[in-house]
1. How high is the relative contact order of chain B, in percent, counting Cα pairs under 8 Å that sit 6 or more residues apart?
2. Which net charge results for the neighbourhood of B:ALA822, defined as the other residues with beta-carbon distances under 15 angstrom from its beta-carbon, given Lys and Arg at +1 and Asp and Glu at -1?
3. Quote the Stokes-Einstein diffusion coefficient, in whole µm² s⁻¹, for chain B, based on the Kirkwood radius over alpha carbon pairs, a temperature of 20 °C and a viscosity of 1.002 mPa s.
4. For B:SER792, list long-range residues whose amide hydrogen, built 1.01 Å from N in the peptide plane, is under 5 Å from its own amide hydrogen.
5. Would you be so kind as to identify which of B:HIS55, B:LEU198, B:GLY214 lies farthest towards the positive end of the dipole of chain B, taking Lys and Arg as +1 and Asp and Glu as -1 on Cβ and the Cα centre as origin?
6. How crowded by other chains is B:777-787, given as the mean number of beta carbons from other chains within 10 Å of each beta carbon?
7. Specify the inter-centroid distance of the range B:330-365 and the range B:843-909, based on alpha-carbon positions, in whole Å.
8. Separation between the B:LYS901 and B:MET936 pseudo-spin-labels, each 7 Å from Cα along Cα→Cβ, expressed in nm?
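Each value in this text was obtained by applying a stated rule to the coordinates, not by laboratory testing. Nothing here was measured: the structure is a model prediction, and the numbers come from that model. Because the Cβ atoms are built from the backbone with ideal geometry, glycine has one as well, and the counts that use them run over all protein chains shown.
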Amino acid sequence: MAKAAAKKTAAVTPSAERRPALAGQELSATGVKLAVLPPAERISLRAPEASVAALSKALGVTLPRKPKTSVAKAGRTALWLGPDEWLVLDQAAKDPLADCAKVTALHSAVGISNRNVAIAVTGPAAAATINAGCPQDLSLDAFPVGAASRTILGKVEIVLLRTAADAFRVECWRSFSDYVFTFLSEAARDAAA
Amino acid sequence: MIEAFRIPGAGRLKQAKTARFSFDGQAYAGVEGDTLASALLANGVHLVGRSFKYHRPRGFLSAGAEEPNALVQIERDAARKTPNVRATVQELYDGLTAQSQNRWPSLSFDVGAVNDIASPLFSAGFYYKTFMWPKSAWKNLYEPKIRAAAGLGVAPDQPDPDHYSARFAHCDVLVLGGGAAGIAAALAAAETGVRVMLADEQADFGGSLRFESGARIEGQDGFAWAQAAVAKLRAMDNVRVLSRTTAFGYYAQNFVGLVERIGDHLQKPGRDLPRERLWQVRAKRVVLATGAIERHMVFADNDRPGVMLASAARTYLNHYGVAVGKNVGVYTANDSAYAAAIDLKKAGVNVAAIVDLRDNPTGPVINEARALGMEVNFGRAVIRAGGKLRVSSMTVQPKNGGGERTIPVDAILMSAGWTPSVHLFSQSRGKVAFNDETKRFVPGTYAQDCISVGACNGTDGLMATIDEAYAAGTKAAKDVGAKAAKSTKPKIDASESWSRGMLGAAPGAGPGTTVKAFVDFQNDVTAKDIRQAVHEGMHSIEHVKRFTTNGMATDQGKTSNMHGLAIAAETLGKPIPQVGLTTFRAPYTPVTFGSIVGHARGELFDPTRKTAIQPWAEAHGAVFEDVGQWKRAWYFPKPGEDMHAAVDRECVTVRTTAGLFDASTLGKIEVVGPDAAKFMELLYTNPWEKLEPGRCRYGIMLREDGFIYDDGVVGRLAPDRFHVTTTTGGAPRVMNHMEDYFQTEFPHLNVWLTSITEQWAVIAVQGPKSREIIAPLVEGIDMSDEALPHMSVREGKICGVPTRLFRMSFTGERGFEVNVPADYGQAVWEALWAEGQKHGAGAYGTEAMHVLRAEKGYIIVGQDTDGTVTPNDAGLDWAVGKKKADFVGIRGMARPDLVAKGRKQLVGLKTKDPKVVLEEGAQIVGDPKQAIPMKMIGHVTSSYWSQNCGRSIALALVAGGRDRMGETLYVPMPDKVIEVEVTGMVFFDEKGERLNG
């Protein structure tokens, strides 16, 4: 499984420059900061219940089974997105696709490192900023630290992860990142009020 | 100008600063804390508008949101003009500029008032009767005139420079209305620690405590208590208090829309502040504390400026310190107007007479009025108000007839009783019930988790209201899981209480009379109009409403609905509950478009999707076209080139050397799992099981009905892994279509779908030199025709970056599509561009792509197909697996209509004059000389000038098209008829040799 996609040719330093969308963009408003995060490794992982243990072992992080939760370990975070679906993020430049390639249990792992852009929303007004376009209840009771959800922001789909009481990671598709950053910037102006 | 009607020592604005303002160009001064209405009244101004239909002079009816008359235009600057602002809720700020509406040339002399004299022509339902004939007059006369007359005020003609924000919020208990009841409920809930939101439409909380001078709570004046209680609520972490915030809509599952007005009351709203903020709140429990609205008395000329609700006069006095006149009359059918008379009298205003329709009412307020020396008349009616631009008298008569007496007054305070505000309850789908004793509709059956408290629930008296509201707040908190808190229910020391009153037309305006006794002020509906509607056959209240427009103005009939209903019921001879109440709809008060739009304007109107390569295209002068949400490079004009010249050059370049094309927007789906091939077999018409890994196939997807849904090239990367491409526009729906079938029809398959559209940037390199351009940059892939034949895919590296390299062609030339991770898209493009420059290659856009594919007869789903085209119709039978037992659409394809002869088939068309380019969408006929309407046998789907062919080319859907090869058909156009010949669909390189050329 997944061998074709994960197959590595001899390591060659790319001669092509990586140009992530919105690289380095930031915004600071009263009570909230926005920052486009550096690239991360990402896979979309699909698997039945029976494969979860083997995949968790291979990934080094226990895949969460409870809706709207995530599990993080050593720079790698697994976000529950559905009964058989996880978004696995790696911020330590370790390729989770390669880890899954070793697993023989039934699953689908697809590399989407370049599909998403992540924006950090931090500060006391972070939740209010996101609530300008996201209908979820972002109180700490309903959406505690570590909570994760595929949801919407304005007119686009996002994956939302709460990384601290006043910090969120907003993941969106690359071509929507401009919209998401602009939306959050507009919302940030208003959120401190 | 001196505020002649501001009473020293009265009201609550004592320490306030002066605010200068102008109305119709006249300068005035008011004080901060005033509304525009109270400030004008302080200056003795009652005449503020002209009515909609009859252009009658109008003043202030109310002191709140229910105002139907005092609608003005507020202008901050050329772009900020707001029509129909209720002067009774517009807070005054220094420099405010207001204009009256619906008058010409001036408010006191309005030519349109001729409508008042001609009113028999404008009777109820006149819209439906008058403009029926002659038919031709509708377009040229009636419609333009009606449109010009429709609506009040002038809309701004510039873009709105303000911005609007939005916020979603959740809470345990949402309290709507911040009078005594709402505050008590919010306190009770908040003390338990649950999340509470409290909203009120006014700047200050307190509701009717603003005018109820008789209320004392916790040892202080009721209004002062309200301020202290709200300050306490504001200080609590679990409470959000929103003033100037109207709950305008109550939707399913306790979802409530509120609009918070942030800038309209400020002299200079901060640039960063939104003008308004839309709150969309999901509440576990809702407490409705929306109060009650006083009704007017329905008598002749009850709309004269100076005739107003008793509670309004009391509000202007007790809150704003303004007397609405110096010599006022009172006309009432309940007790509450007495309280107004008493307050005014105590403030030094002469009360000429109290006229009470009731025969022998008793009570403390009546005794007090008498004790203060006021003349009180029972069993009498005011049958007419005198004066025109301002009321000058009231004519009194015993209610059963008799001698008339005219009393000079400069204001009339009236009260027919109080109508519970059940608007939000009704919007929540709750059913109201009629209380026959008190003659009012109150909340009956609840449909959602909400509860009504206080006056909106028909609860009379402050004591009972606070008890009920506090209990409701406590219960709401308990219902959502709160533990009991120490109870600190506010203690009531003194209160006012009233109920009852009357509904419908008062004596003098009853059956058989034709006086103008207004029921609905804003839409100029009189008691006579309601009766006339019933006489003309409107027996349902919904019909009466629409025929007369009663209650259909922006005030939504807050003061008029109950009177209108009572008159209709009386005329029908039925009890009120049998006639029924009309449905209340959102919004409760008008809501700006801005607040609904919120952030979704300008850049945020809709996402603009750009590919990783877009910046390069922009820098190289591309002209873009919108394809769905994507910006795609349309063509790349060189200096001096128009679109045609650029496209011609791009098309020729591709066929002579090579072209680079950004195909990143194509939808891409990775289909993974041991049953991936089985799934593909079911979703596409083609066979997939035997496709070797490393090979590609053009696939067609149908809907269940057998019509083409999408198409694209699919590469098999591994036995269990397919890289599927879809059309750009189809990407999301194709993904949904596949996921839908997987989850509902084929859940037994072990397969998963992942969108990879945005993971990969795609660079098409097409043309005879394409391999030479790519090869130097590629590692790990044998680029020879033997190792990488047409329709194959390999994984390797390009410029050191992982690639999925497809050998495929949408141009008919040797071609490749280079997939690289999106972040590297632009750099790899630049490297390919540099290589291409060595060979004279160029970039091409979507227009050249369209022409090139049309030269080869390759279809575009959605352009050459329209949802009614089968694979056979499109000449794609070869792509349908004949041996396949099943796939989505296989049965649909066998339907008799879909296999019948004479179906429209896709063919090529060549114009007899090669220079003439057909119009896409043009109809095709067999005989141009036949009578109109001609029999149309098809239409042009694609049409271009082809520089490579040296002539125009076109594709068309033509009935029985493939049997018409060589036939001459005709395309009638407005100025000429174009002759065309039916041909095959391939116009260039018919043998397909160039794929390996």
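1. It rounds to 9 percent for chain B.
2. In short, -1.
3. Result for D is 63 µm²/s.
4. Residues meeting the amide H criterion: B:CYS696, B:ARG807.
5. About the Cα centre, the residue reaching furthest to the positive side is B:GLY214.
6. So the per-residue partner count for this stretch is 1.
7. After rounding, the separation between the Cα centres reads 83 Å.
8. Between B:LYS901 and B:MET936, the label points sit 2.6 nm apart.
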